[in-house]
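Taking it in order: structure first as structure tokens, then the write-up.
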Amino acid sequence: MSDIFREIDEELRRDNLLKLWSRYGRYVVAAAVAVLMVAAAIVAWRNHQRAERWAQATRYAGALSLAQNGKAADAAKVFGAIAKEGGGYALLASLQEAGLLARSGNRKAAIAIYDRIAAMPGITPEFHGLAVLLSVMQGMPEVDPRQTIARLAPLTGHDDPWRPTALELTALARLEAGEKKAALDLYKGLADDLTAPRSLRARAAEMAAALAS
């Protein structure tokens, strides 16, 4: 008798499952298809991004090769195109483009790129400070020294990684502004600053000695 009841119970379950499937089966199939489509789209997008990164890396390396072979103008164009595309090499490409423009004598265009880098949202403090320093260096011959001093001031804090370089440029701007005593004090401080690079300390000591004589 137990076998009969078991068979009846199984038939009832089967009938219920068939009714449920006839009612909701198409929704289950649709949901499964949607999940598969989303998964396929994610994989395709990742593959696309990987291919784009590889293509961009190849073009970046090609631009470096052009620059090394004396084709600075062509290299700058490639770096500029990569920078406009965005992506992982955009920031480095911008710096390379600006550097090539500066070396070719187009300091105004280089400054514009450095300023654009410094204003990028979400840029790290290290790259922000580097862009500011490079912009200041290119503009110092024409820019009012007091403007230079004001722009470098945020980089002269004790915890800033660019502090020694910012102070050295500030000292030079003080000299240009006729503030010999202030410049001398800055050079003396840099000469004794063990956190500054050795070459920078040596230059500061030479400048301090020259100003003190």
**Request:** Calculate, in nm to one decimal, what A177 and T124 gain on full extension: separation in residues at 0.36 nm each, minus their alpha carbon distance.
**Result:** 15.9 nm
**Fill in**
Simple SL model, points at 7 angstrom along Cα→Cβ for L200 and N69; separation in nm is 3.7 nm
**Asked** Hey, with R₀ at 41 Å, roughly what FRET efficiency would D192 and D115 work out to, going by the Cβ-Cβ distance, to 0.05?
**Response** 0.80
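Summing Lys, Arg as +1 and Asp, Glu as -1, what charge do residues with Cβ under 13 Å from the Cβ of R107 carry, R107 excluded?
Neighbourhood net charge equals 0.
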**Request:** Return the FRET efficiency for the residue pair L211, S104: r is the Cβ-Cβ distance, R0 is 25 Å, and the value is rounded to the nearest 0.05.
**Result:** 0.15
**Net charge contributed by nearby residues that have their C-beta within less than 15 Å of A98 (K/R +1, D/E -1)** = +4
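Every number in this text was worked out from the coordinates using simple rules, so none of it is lab data. These numbers come from a predicted model, not from an experiment. Here Cβ is always computed from backbone atoms with ideal geometry, including for glycine, and neighbour counts include all displayed protein chains.
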